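Enquirer: Structure in structure tokens, see below.
What follows is calculated from the coordinates using simple rules that are stated; it is not laboratory data. The structure displayed is predicted, hence computed values, not measured ones. All Cβ positions, even for glycine, are placed from backbone atoms using ideal geometry, and neighbour counts span all protein chains on display.
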Amino acid sequence: MNLDFSQLVPYIPFILEGIWATLKFVSVSIVVGFILGTLLALCKITKLPFLKGFADAYTSIFRGTPLILQLMIIYFAVPQLTGYDISAFLSAILAFGLNSSAYVSEIIRAGIMAVDRGQTEAAEALGIPYKPMMINIILPQALKNILPALMNEFITLTKESAIVSVIGYLDLMRRAQIVGSDIYRNFEPLLFAGLIYWVIVFILTQIGNVVERRLRHSD
């Protein structure tokens, strides 16, 4: 096997800087996706046909088209229409946040629907308004049920973050590609990047397990 990791050593700090670049936009995208996904989920269970139709159409579009296509439309096509350039960082946040919200909305909707109907009826009987009821009673119970699915979505988002390399964002994958083209060896930097992705996902998985256990013990 023609492997030589010694040439990779000088580039390790450069590649490691991609960890922060990756986590920075992924963390913001997760927050955007969770907030927007929660709002979409509430729209889906509302009795207002317009809001329900909008949420369903939104989910259908973003789940039915490739993430890389959405990313390239935001980065390349939107500036063509508006005349304003969008940075690679902002494009990544928009694409991943909007895409993730479609999946998160379905997860949260399913979690809300899984909460015993009697909880809602009891809150209504006590005269609790809809908003406080959802925030203080329904959503906390739904969160406990959907946490594993949410963590899986966030882990998937982290792995798919490598897609942003196609628009030149200097994330972990893009830096590995640059090093590969510089030393004319691709296996070593890509393998190193893959190891880093695995460590990140492993850490996120362990954090998710800890949070899940704490929520379970708080019942």
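Enquirer: Mind listing which chymotrypsin sites (Phe, Trp or Tyr not before Pro) in segment 157-219 are in a DSSP loop and have 11 or fewer other Cβ atoms within 10 Å?
Expert: Passing sites in segment 157-219 are 184.
Enquirer: Starting from the coordinates of the alpha-carbon atoms of segment 12-52, obtain the Kirkwood hydrodynamic radius over all distinct pairs and give the value in Å to one decimal.
Expert: About 12.4 Å for segment 12-52.
Enquirer: More than 18 angstrom separation, counting every C-alpha pair in segment 108-198; what % is that?
Expert: Cα-Cα pairs of segment 108-198 separated by over 18 Å account for 61 percent.
Enquirer: Could you tell me the calculated FRET efficiency between residue 135 and residue 213, based on Cβ-Cβ distance and R0 = 30 angstrom, to the nearest 0.05?
Expert: Efficiency at R0 = 30 Å is approximately 0.80.
Enquirer: Let me know the charge dipole size of the chain about its Cα centre in debye, to the nearest 20, where only the beta-carbon of Lys, Arg (+1) and Asp, Glu (-1) is charged.
Expert: Rounded to the nearest 20 debye, it is 440 debye.
Enquirer: Continuing with the same structure: Just flag the chymotrypsin sites (Phe, Trp or Tyr not before Pro) in segment 70-167 sitting in loop per DSSP whose Cβ has no more than 12 other Cβ atoms within 10 Å.
Expert: Listed in order of number, the matching sites are 84.
Enquirer: Sorting 87, 27, 101 on the 10 Å Cβ count, fewest up front, what's the list?
Expert: Ascending Cβ contact count within 10 Å gives the list 87, 27, 101.
Enquirer: Then there's this: What's the center-to-center distance, using Cα atoms, between segment 74-101 and segment 140-219 in Å?
Expert: Cα centroid of segment 74-101 versus Cα centroid of segment 140-219: 21 Å apart.
Enquirer: Next up: For helix 12-44, report the angle its Cα long axis makes with the longest principal axis of the Cα atoms of the chain; keep it between 0 and 90° and round to the nearest 10°.
Expert: The helix 12-44 is inclined about 20 degrees to the chain.
Enquirer: Could you give me D for segment 99-158, from Stokes-Einstein at 20 °C and 1.002 mPa s, where the hydrodynamic radius is the Kirkwood radius over C-alpha pairs? Units µm² s⁻¹, please.
Expert: 175 µm²/s
Enquirer: Another one. Once the mean 1/r over all distinct Cα pairs of the chain is inverted, what Kirkwood radius in angstroms do you read off?
Expert: Mean inverse Cα-Cα distance, inverted, gives 19.5 Å.
Enquirer: Could I ask something else about it? Per residue of segment 97-109, in order, report the coupling 6.51 cos²θ - 1.76 cosθ + 1.60 (Karplus, θ = phi - 60°) as ³J(HN,Hα) in whole Hz, putting x for Gly and Pro.
Expert: Couplings: x, 5, 5, 5, 4, 5, 6, 4, 4, 5, 5, 5, 4 Hz.
Enquirer: Something else: Which one, 186, 136, 209, has the greatest fluctuation when you compute a Gaussian network model over the chain with C-alpha springs under 10 angstrom?
Expert: Of 186, 136, 209, the most mobile in the Gaussian network model is 136.
Enquirer: Roughly how large, in nm² to one decimal, is the mean projection of the convex hull of the alpha-carbon atoms in segment 42-103?
Expert: Approximately 4.7 nm², given one-decimal rounding.
Enquirer: Also: Return the FRET efficiency for the residue pair residue 12, residue 57: r is the Cβ-Cβ distance, R0 is 45 Å, and the value is rounded to the nearest 0.05.
Expert: Here the calculated transfer efficiency is 0.45.
Enquirer: Counting Lys +1, Arg +1, Asp -1, Glu -1, what net charge surrounds residue 137 among other residues with beta carbon under 12 Å of its beta carbon?
Expert: With Lys, Arg at +1 and Asp, Glu at -1, the net is -2.
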